[in-house]
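Trainee: I have a structure I would like to understand better, so I am pasting it below and will then ask my questions one at a time.
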Amino acid sequence: MATSAAAAEPAAPVLQAGLFQHYVAQFNKDDAELHSNFYPNERAWEFLKDNIPLLDCPDEDIQRTYYFRWWTYRKHIKQTPAGFIVDEFLPQVGWAGKYNSISCAAGHHFYEGRWLRDPQVLDDYARFWFGGGGEPRRYSFWAADALWARYCVTGNAKIPLALLPDLIGNYETWEKQQRDANGLYWQSDDRDGGEVSIGGSGYRATINSYQFGDAQAIAHIAELAGMPELASRFRDKAAAIKQLVQDRLWDKHAEFFKVLPRGDNTRLADVRELHGYTPWYFNLADPSYSVAWKQLMDPKGFFAPFGPTTAEQRHPKYQISYTGHECQWNGPSWPYATSVTLTGLANLLNGPPQAVIGEKEYFELLKIYSNSQQLKLDDGRVVPWIDENLNPATGDWISRTRLKAWKDGTWDAGKGGVERGKDYNHSTYCDLVISGLIGLRPRADRTIDVHPLVPPGWAWFCLERIPYHGHLLTIIWDQTGLHYGHGQGLRVLADGHQLAVSASISQVTGSLPLRD
């Protein structure tokens, strides 16, 4: 592991924003802008050039998708009487709450948006869920964890501290409403955002992991607030959930976390489902459970050309159906679940050593995820696209195909109307690139920790203008020193000053300078 280097003289910027404007121009040109919020297409570049980290890398699919996903995220920034929020669907849908808000993917919204330079959008959005008319328990939502994850990027504790009483109240309401006497939390698969699943409803790894993550986050925020007794109480809650998940939801024969139906003398479901990787999103699972990850690359498990699948393919109830409900979680690939899985995998690869899965597989799955985000238009052109659920064998957007074929006028009115899932904001991608692929691991302290998961063949990459604890970071790899002309090796800079360096692509650490 390389460590911190002596501070250098301020360096000139490595990348210029204008080099990437052509992506946004092309996205705008290809787009049928059916709905617009605070930043319409004509203002897309204005927003992105001022707010997002700039990525330059040798993989065109990943680079294009990175800018595409920031371009789509911008579409969902909505100004309301309660301030800014981030919505999930662009058209109004009947199952949403106030201002078309839906808590189901709000955790993803915070993880993705925490890398924006302007804090106002997510500051407002956090307040919206607790006092602005939001319904944080309409669907499962890891609210406290999401705010803590954002704090680990911004270093600004104002919002988490202000909302600490609300986060505690939210947690305790989940306890009263969704926790049974056995200590486990239950949830319907629909309210988990995973309807028509094979494993069904009950004690799921999802809601229990979310509560574990929220308890851990509340403990951290309580420590910031100088409330050690409160912190200790919530650490104990997290420890109790961790024990129950590993004792009750782990199938030692299948070597996987599964759904346990509610009731007496019930047995674990007989299916492995992708949401069984949720414990790793929150670093809940002990190292001995990493054996579960062998299923991710198994073609009889979850691996597919446009996957991963949401249920193991060897199961007799696995199906890719174009009948019945248009949003099924019994096989199709869902970007929501892929985001959770890849975040969990990056956490695993940054934890204790294991021999089940490695960096090569992370990159392969990220590539599959990148390449799946496209659509072939009627005129034959292929354009970047993000929608609801995918056929993991063909890459077809299932819900879109289904809704267009319905004879009841759904495509033209009701249930979201035309292109309901277009630019769907139900997942992350940019966060997977920043914290996973490029490897900036957010922390609450002043330590910079960078562990790239890029393939060994990459000779160069740069991620610049990363807002982090009040500084702007640059992470640059240049094998020869000739590509960018800023020196050989892996370097991490804050505000142009070098913090850490390594001759190879490896984990590097350094310390942020104190802010004035």
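The values are calculated or read from the model by the stated rules, or taken from the named source; none is laboratory data. Keep in mind the model is a prediction, meaning the values are calculated, not measured. Neighbour counts are summed over all protein chains in view; Cβ atoms, including those assigned to glycine, are modelled from backbone coordinates with ideal geometry.
Trainee: Just to be sure, is residue 68 over 20 Å from residue 132 (Cα atoms) and in contact with a strand residue (DSSP E or B) (Cβ under 8 Å, 6 or more places away or on another chain)? If you could, list the steps in order and put the result at the bottom.
Mentor: Numbers: over 20 Å from residue 132 (Cα atoms): yes; in contact with a strand residue (DSSP E or B) (Cβ under 8 Å, 6 or more places away or on another chain): yes.
Spelling it out, residue 68 is indeed over 20 Å from residue 132 (Cα atoms) and in contact with a strand residue (DSSP E or B) (Cβ under 8 Å, 6 or more places away or on another chain).
Trainee: Out of everything in the stretch 397-415 that is surrounded by fewer than 19 Cβ atoms within 10 Å (Cβ to Cβ) and at pLDDT 80 or above, what residue ends up being nearest to the chain's Cα centre (by Cα)?
Mentor: 401
Trainee: While we're here: Of the residues in the stretch 277-307, how many are in contact with a strand residue (DSSP E or B) (Cβ under 6 Å, 6 or more places away or on another chain) and in a loop (DSSP other than H, G, I, E, B)?
Mentor: Of the residues in the stretch 277-307, 2 are in contact with a strand residue (DSSP E or B) (Cβ under 6 Å, 6 or more places away or on another chain) and in a loop (DSSP other than H, G, I, E, B).
Trainee: Here is a further query. Under 9 Å by Cβ, and 6 or more places apart or on different chains, what pairs join a residue from the stretch 415-442 that is on the phi > 0 side of the Ramachandran plot and touching a residue at least 12 places away in the same chain (Cβ under 8 Å) with one that is among the charged types (D, E, K, R) and in a helix (DSSP H, G or I)?
Mentor: Close Cβ pairs (under 9 Å, with a partner that is among the charged types (D, E, K, R) and in a helix (DSSP H, G or I)) amount to 419/400; 423/75.
Trainee: If I go through the stretch 473-502 residue by residue, how many of them are free of Cβ contacts under 8 Å to residues at least 40 places away in the same chain and among the hydrophobic types (A, V, I, L, M, F, W, C)?
Mentor: Selection size over the stretch 473-502: 4.
Trainee: Now, a different point. Restricting the first residue to the stretch 221-235 and requiring it to be closer than 13 Å to residue 144 by Cβ, which pairs with a second residue that is modelled with pLDDT of 95 or more and in a loop (DSSP other than H, G, I, E, B) meet a Cβ separation below 8 Å and a spacing of at least six or different chains?
Mentor: Here the result reads 221/157; 224/157, each pair linking the stretch 221-235 to a residue that is modelled with pLDDT of 95 or more and in a loop (DSSP other than H, G, I, E, B).
Trainee: From the list 236, 264, 190, pick out the single residue that is at pLDDT 95 or above and either closer than 17 Å to residue 170 by Cβ or assigned to a loop (DSSP other than H, G, I, E, B) (or both). Explain how you work it out, then say what you get.
Mentor: Values: 236 fails: either closer than 17 Å to residue 170 by Cβ or assigned to a loop (DSSP other than H, G, I, E, B) (or both); 264 fails: at pLDDT 95 or above.
When all the criteria are applied, what remains is 190.
Trainee: So, in the stretch 302-335, of the ones that are among the polar types (S, T, N, Q) and in contact (Cβ under 8 Å) with a residue 24 or more places away in the chain, which residue ends up farthest from residue 275 (Cα to Cα)? So that I can check it myself, show each step before the final result.
Mentor: To start, the set of residues in the stretch 302-335 that are among the polar types (S, T, N, Q) comprises 309-310, 313, 319, 321, 323, 328, 330, 333.
When the remaining residues are screened for being in contact (Cβ under 8 Å) with a residue 24 or more places away in the chain, the result is 309-310, 328, 330, 333.
Working: 309: 10, 310: 7, 328: 14, 330: 11, 333: 12 Å.
Out of the qualifying residues, it is 328.
Trainee: Another one. Applying the selection to the stretch 464-480, what residues are more than 14 Å from residue 505 (Cα to Cα), of a type in the set (A, V, I, L, M) and buried (at least 20 other Cβ atoms within 10 Å of the Cβ)?
Mentor: We begin by selecting, within the stretch 464-480, every residue more than 14 Å from residue 505 (Cα to Cα); these are 464-474.
Restricting the remaining residues to those that are of a type in the set (A, V, I, L, M) gives 466, 472-473.
Listed by number, the residues that qualify are 466, 473.
Trainee: If you take the residues in the stretch 12-32 that are loosely packed, with under 14 Cβ neighbours inside 10 Å and in contact with a helix residue (DSSP H, G or I) (Cβ under 9 Å, 6 or more places away or on another chain), which one is nearest to residue 466 (Cα to Cα)?
Mentor: Filtering the stretch 12-32 for residues that are loosely packed, with under 14 Cβ neighbours inside 10 Å and in contact with a helix residue (DSSP H, G or I) (Cβ under 9 Å, 6 or more places away or on another chain), the one nearest to residue 466 (Cα to Cα) comes out as 18.
Trainee: Mind checking which residues of the stretch 19-43 are modelled with pLDDT under 95 and touching a strand residue (DSSP E or B) at 6+ places or on another chain (Cβ under 7 Å)?
Mentor: Result: no residue meets the conditions.
Trainee: Consider residue 321 carefully, then state whether it is touching a Leu at 6+ places or on another chain (Cβ under 6 Å), modelled with pLDDT of 95 or more and over 29 Å from residue 238 (Cβ atoms).
Mentor: Working: touching a Leu at 6+ places or on another chain (Cβ under 6 Å): no; modelled with pLDDT of 95 or more: yes; over 29 Å from residue 238 (Cβ atoms): yes.
Criteria not met by residue 321.
Trainee: OK, next. Quick one: would you say residue 78 is surrounded by fewer than 23 Cβ atoms within 10 Å (Cβ to Cβ), modelled with pLDDT of 95 or more and touching a strand residue (DSSP E or B) at 6+ places or on another chain (Cβ under 9 Å)? Lay out the reasoning, then the answer.
Mentor: On the way: surrounded by fewer than 23 Cβ atoms within 10 Å (Cβ to Cβ): yes; modelled with pLDDT of 95 or more: yes; touching a strand residue (DSSP E or B) at 6+ places or on another chain (Cβ under 9 Å): yes.
Spelling it out, residue 78 is indeed surrounded by fewer than 23 Cβ atoms within 10 Å (Cβ to Cβ), modelled with pLDDT of 95 or more and touching a strand residue (DSSP E or B) at 6+ places or on another chain (Cβ under 9 Å).
Trainee: Still on this structure, please answer the following. Working carefully through the options 95, 129, find the one that is more than 25 Å from residue 50 (Cα to Cα), buried (at least 19 other Cβ atoms within 10 Å of the Cβ), of a type outside the set (Val, Ile, Thr) and without any contact (Cβ under 8 Å) to a residue 40 or more places away in the chain. Break it down into steps so the answer makes sense when it comes.
Mentor: Details: 95 fails: buried (at least 19 other Cβ atoms within 10 Å of the Cβ).
The unique qualifying residue is 129.
Trainee: Those residues that are assigned to a loop (DSSP other than H, G, I, E, B) and either closer than 20 Å to residue 373 by Cβ or touching a Phe, Trp or Tyr at 6+ places or on another chain (Cβ under 9 Å) (or both), I need them from the stretch 18-42; list them, please. Before the answer, list the steps.
Mentor: Step one: list which residues in the stretch 18-42 are assigned to a loop (DSSP other than H, G, I, E, B), which gives 31-40.
Matches in the stretch 18-42: 31, 32, 33, 34, 35, 38, 39.
Trainee: Right, next: Please specify each residue of the stretch 442-463 satisfying the condition of being more than 12 Å from residue 57 (Cα to Cα) and crowded, with 21+ Cβ neighbours inside 10 Å. Don't jump to the end; show me each part of the working.
Mentor: As a first pass, look at the stretch 442-463 and keep what is more than 12 Å from residue 57 (Cα to Cα): 442-453, 456.
Scanning the stretch 442-463 gives 442, 448, 450, 452, 453.
Trainee: Would you tally the residues in the stretch 382-408 being without any contact (Cβ under 8 Å) to a residue 40 or more places away in the chain and touching an Asp or Glu at 6+ places or on another chain (Cβ under 6 Å)?
Mentor: 2
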